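Peer 1: One structure, pasted below without further comment.
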Amino acid sequence: MCKCLDLFDDVFKDFTDSQTAFEESQLIPVLQKLQEKYGYLPQEVIKRLSEKTGIFVSKIMGVVTFYSQFRLQPVGDNIVRICFGTACHVIGAENVADAICRELDVKLGDTTQDKLFTVESVACLGCCSLAPVIMINDETHGRLTPDTARGAIKEFMEKSSLKGAEAQSCNEGK
Ligand code: FES
């Protein structure tokens, strides 16, 4: 259950006032703002948005699932984005992804049990000459091999003192 629908009201009031009704063209901006506040889009929030705007839940869900920027599940404290755009895919994104997922003991698209990392696949990160590329939060790492990808994750954990994540790491293949 989402305990803080107050946050919803805070966000929603910026999109309406007593004079004007909510317009469908505001749906994406309000969803972006709600996601910024909650970190993802809880079902209760989508339901409340539907009640307040009169837009069917199915229609809101259509928008949420169409755009990859929206999340229906909470994410970890850190996001690892693995590029599966054409250049990265051709040069070995899959092997890089396998190495990272083994290192963090998580499936692609999921969050580690300790909630420290979410690992997701994305389309082009815009630096194809560095393929294969990942981003750990805002840091870009390029020309990776499975080994250097694992190294980037370990280095990030050391730098951030993520002891819990280290304990989660999978030692398979080492
Ligand atoms: S395809 Fe990966 S950065 Fe462009």
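Peer 1: Looking at region 44-83 only, could you name the residues that are in a helix (DSSP H, G or I) and free of Cβ contacts under 8 Å to residues at least 24 places away in the same chain?
Peer 2: Within region 44-83, Ile46, Lys47, Ser50, Glu51, Val57, Ser58, Lys59, Met61, Gly62, Thr65, Phe66 meet the criteria.
Peer 1: Also, quick follow-up: Can you tell which of Glu23, Glu36, Glu94 is free of Cβ contacts under 8 Å to residues at least 60 places away in the same chain and over 30 Å from Ser161 (Cα atoms)?
Peer 2: After ruling out the rest, the residue left standing is Glu23.
Peer 1: Glu23 versus (1) within 16 Å of the ligand (Cβ to nearest atom); (2) at pLDDT below 95; (3) acidic (Asp, Glu): which is the lone unmet condition?
Peer 2: All conditions pass for Glu23, except number (1).
Peer 1: Moving on to the next point. Only one of these is at pLDDT 95 or above and either surrounded by 15 or more Cβ atoms within 10 Å (Cβ to Cβ) or of a type in the set (D, E, K, R) (or both): Ile79, Ile46. Name it.
Peer 2: It is Ile46.
Peer 1: If I go through region 109-138 residue by residue, how many of them are more than 24 Å from Ser160 (Cα to Cα) and not in a loop (DSSP other than H, G, I, E, B)?
Peer 2: Number of matching residues: 3.
Peer 1: Could you tell me how many of the residues in region 72-108 are over 30 Å from Ile60 (Cβ atoms) and away from the ligand (no atom under 16 Å from the Cβ)?
Peer 2: Qualifying residue count, region 72-108: 7.
Peer 1: Something else now. Failed condition for Gly151, given (1) of a type in the set (Gly, Ala, Ser); (2) at pLDDT 95 or above; (3) near the ligand (Cβ under 10 Å from one of its atoms), with all others met?
Peer 2: (3)
Peer 1: Against the conditions (1) surrounded by fewer than 20 Cβ atoms within 10 Å (Cβ to Cβ); (2) assigned to a loop (DSSP other than H, G, I, E, B), where does Val106 fall short? Just the number, please.
Peer 2: (1)
The values are calculated or read from the model by the stated rules, or taken from the named source; none is laboratory data. Just so you know, these numbers come straight off a predicted model, no measurement behind them. In this analysis, Cβ positions are derived from the backbone assuming ideal geometry, glycine residues included, and neighbour counts consider all displayed protein chains.
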